[in-house]
Amino acid sequence: EHDATPFLPGRRARLPGLRKAAAGCRGCPLYRDATQTVFGEGHTNARVLLLGEQPGDQEDRQGKPFVGPAGRVLRRALADAGIEPDEVYVTNAVKHFKFTVPAGRKRRIHKAPTLREMTACRPWLMAELRVVEPDVVVALGGTAGKALLGSGFRVTEQRGALLPWPGLGDEDGTGGAEKGISGLVATIHPSAVLRADDSDRTHVYDGLVADLGIVADLLG
Ligand code: URA
Ligand code: SF4
């Protein structure tokens with residue numbers, strides 16, 4: 001029923017126009033409690049579009065994706081995989097922070113978006129794909145994978161390989177936004193590195209770098 005479509009600017013809009021329009025999106029209820037829309041960031045000509053889940057606490061405050069602890073892990077992993085910062089555009093499946101504040105606590109705890117919320121927000125992602133025209137899309141974690149491949153997606157089974165692009169169909173149903181995409185690589189969410197036990201953290205991080213290495217190889 002409700003989604004972001006009525007808030008999209010015309011198809012000629014570039015990233016600044018999209019970002020401005022997304023700031024006023026009310027396509028699902030998540031805008032109500034969040035501070036601001038966190039739109040994607042990066043180069044219009046980036047060859048890689050990295051898809052996270054949703055902004056976290058820091059991202060919600062600062063208005064930019066992956067500027068918190070998970071973002072630090074991500075930037076280091078990209079560098080270790082040999083992917084330059086100017087080759088990536090970074091965005092999220094859902095552009096508003098979804099959270100709960102447990103009783104008696106101050107800290108806002110991230111809550112996973114529903115498939116319905118991801119679907120409501122998808123028109124923004126399709127518009128980003130149309131403008132950026134990436135060669136490859138990287139799903140960071142299970143939620144991003146589900147946003148692209150459906151609820152059957154399992155990061156443990158599908159990570160670290162070039163998967164066929166699912167063909168999501170853009171606003172006008174032509175799929176024009178997706179023509180140049182050679183495929184999708186899924187990996188863990190960088191926050192999984194932060195959540196890992198001390199004894200396991202290096203191994204988990206190395207797995208993230210190895211998966212991103214597949215992407216680096218594709219870029220040549
Ligand atoms: N986690 C995400 O999935 N996206 C962000 O932007 C930050 C943390
Ligand atoms: Fe719009 Fe997406 Fe925010 Fe929902 S989460 S209000 S669809 S930008």
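The values are calculated or read from the model by the stated rules, or taken from the named source; none is laboratory data. What you are looking at is a predicted structure, and each value in this text was computed from that prediction instead of being measured. In this analysis, Cβ positions are derived from the backbone assuming ideal geometry, glycine residues included, and neighbour counts consider all displayed protein chains.
Brief remarks on what is shown
- Pairs, first farther than 14 Å from Gly142 by Cβ in the range 177-202, second acidic (Asp, Glu), C-beta under 6 Å, six or more apart: Ala177/Asp170; Gly180/Glu133; Ser182/Asp135
- Cβ-Cβ distances below 7 Å connect the following pairs, each with a first residue in the range 55-68 that is closer than 7 Å to Val38 by Cβ and in contact (Cβ under 8 Å) with a residue 24 or more places away in the chain, a second residue that is within 9 Å of ligand 1 (Cβ to nearest atom) and assigned to a helix (DSSP H, G or I), and a separation of six or more residues or different chains: Pro65/Glu59.
- In the range 34-82, residue farthest from Pro134 (Cα to Cα) [restricted to those that are polar (S, T, N, Q) and within 9 Å of ligand 1 (Cβ to nearest atom)]: Gln58
- Val90, sole failed condition from (1) assigned to a loop (DSSP other than H, G, I, E, B); (2) touching a residue at least 12 places away in the same chain (Cβ under 8 Å); (3) aliphatic (A, V, I, L, M); (4) within 13 Å of ligand 1 (Cβ to nearest atom): (1)
- The set of residues from the range 110-160 being in contact (Cβ under 8 Å) with a residue 24 or more places away in the chain, among the charged types (D, E, K, R) and not in a helix (DSSP H, G or I) comprises Glu133, Asp135, Arg159.
- Among residues that are within 16 Å of ligand 1 (Cβ to nearest atom), at pLDDT below 95 and under 24 Å from Ser191 (Cβ atoms), Pro85 is included.
- Selection of the range 16-65 for residues being closer than 19 Å to Pro123 by Cβ and assigned to a helix (DSSP H, G or I) yields Pro16, Gly17, Leu18, Arg19, Lys20, Ala21, Ala22, Pro29, Leu30, Tyr31.
- Residue within the range 68-81 that is within 16 Å of ligand 2 (Cβ to nearest atom), farther than 23 Å from Leu115 by Cβ, of a type outside the set (D, E, K, R) and not in a helix (DSSP H, G or I) present: no
- Restricting the range 10-22 to residues that are surrounded by 14 or more Cβ atoms within 10 Å (Cβ to Cβ) and away from ligand 1 (no atom under 16 Å from the Cβ), the residue that is nearest to Asn45 (Cα to Cα): Leu15
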